[in-house]
Each structure stands twice: as structure tokens, then as C-alpha cells.
Amino acid sequence: MTEQPVFPPGLAARGVTRGSASFLILVSREGELTDYVMLDASHLDVGQAIARTLPEWEYRPTIIDGETVNAASRVTVNLRSSGSVAMLSVSDDVQNLFPGRTKLVGEGQ
């Protein structure tokens, strides 16, 4: 992640301090975000705030058997009014295609 989403001030003013949204992202073999769609969000404003930053993030291509491939992944971002935490989880259908080839992504990656 290179740009953190900003918690919507309107929600914070109403006492909402947390929110989350999940997206299906498509990353090309060159490591470029080619498309994304919001799957769900605790608040539409939170989802939109996160969506605005997705194109600004840096992505790395998925490597399978030494070759870069196009990949689809589910990304869930939990956002707090004091900051954000991003969690990446590969969707079940992709995991089933490539068993044993999952990668844990740590903070800051």
C-alpha cells in the first residue's frame, strides 16, 4: 500500500470510528491493477474512500512455477478514524487452483 485511505469525516462526526470494505482486484502479470469491484462495505462512504486509493497502491505480480501470471484476489481493508489496516486474502477459488501456493502478506507490504 502506498497511499492510505482517509476515514470519511462525515461518519466520524456521527460517532462511527470503524469500517471495512472488501474488493475483488485483478492484477496483471506486469503488476498493474487492471480492474476492481467492491464486494461489500460496512458503509458506502468507507468503501468509496478505500476505492479511491486502490489505483495508487503498488502491486506485485503473482509468480507460479517461475512465471508471472494474471491474478484475482480478494482484498479486505479495515479502516479506523485513527488510521488503516489492510488485510489481503486470496479468494477460495484461486487457492483451490494453486494449493499450497499461498503467501502471507505482512504489515507494510
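The values are calculated or read from the model by the stated rules, or taken from the named source; none is laboratory data. Bear in mind that the values here come from a model prediction, so they are computed numbers and not experimental data. No Cβ is skipped: glycine too gets one built from the backbone with ideal geometry, and neighbour counts run over all protein chains shown. We work out accessible area using only protein heavy atoms, side chains counted, and drop any ligands, DNA or RNA first. Shrake-Rupley method; radii C 1.70, N 1.55, O 1.52, S 1.80 Å.
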Next on the checklist: Suppose the filter is open to solvent by 70 Å² or more (accessible area, probe 1.4 Å) and at pLDDT below 85; does G108 pass it?
Outcome noted: yes
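Look through segment 23-76, keep the residues that are of a type in the set (G, A, S) and more than 23 Å from V6 (Cα to Cα), and return whichever of them is surrounded by the most Cβ atoms within 10 Å (Cβ to Cβ). Show your work before the answer.
Kept after step one, since they are of a type in the set (G, A, S), are these residues of segment 23-76: 28, 31, 41-42, 47, 49, 51, 66, 71-73.
Applying the additional criterion that residues be more than 23 Å from V6 (Cα to Cα) yields 28, 31, 66, 71-72.
Working: S28: 16, G31: 13, G66: 5, A71: 22, A72: 16.
So, considering only residues that are of a type in the set (G, A, S) and more than 23 Å from V6 (Cα to Cα), the one surrounded by the most Cβ atoms within 10 Å (Cβ to Cβ) is A71.
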Checklist entry - Would segment 69-85 turn up any residue that is aliphatic (A, V, I, L, M) and modelled with pLDDT under 90? => result yes
Checklist entry - Looking at (1) out of contact with any Asp or Glu (no Cβ under 9 Å at 6 or more places or on another chain); (2) under 12 Å from S28 (Cα atoms); (3) of a type outside the set (D, E); (4) in contact (Cβ under 8 Å) with a residue 24 or more places away in the chain, can you tell me which one A72 breaks? => result (1)
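What about L39, is it over 20 Å from S82 (Cα atoms) and touching a residue at least 60 places away in the same chain (Cβ under 8 Å)?
no
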Checklist entry - What are the pairs, 6+ residues apart or on separate chains, where a residue within segment 18-32 that is under 18 Å from L79 (Cβ atoms) has its Cβ under 6 Å from a residue that is outside any strand (DSSP E or B)? => result G19/S42; G19/H43; G19/V46; S20/S42; A21/V46; A21/G47; A21/I50
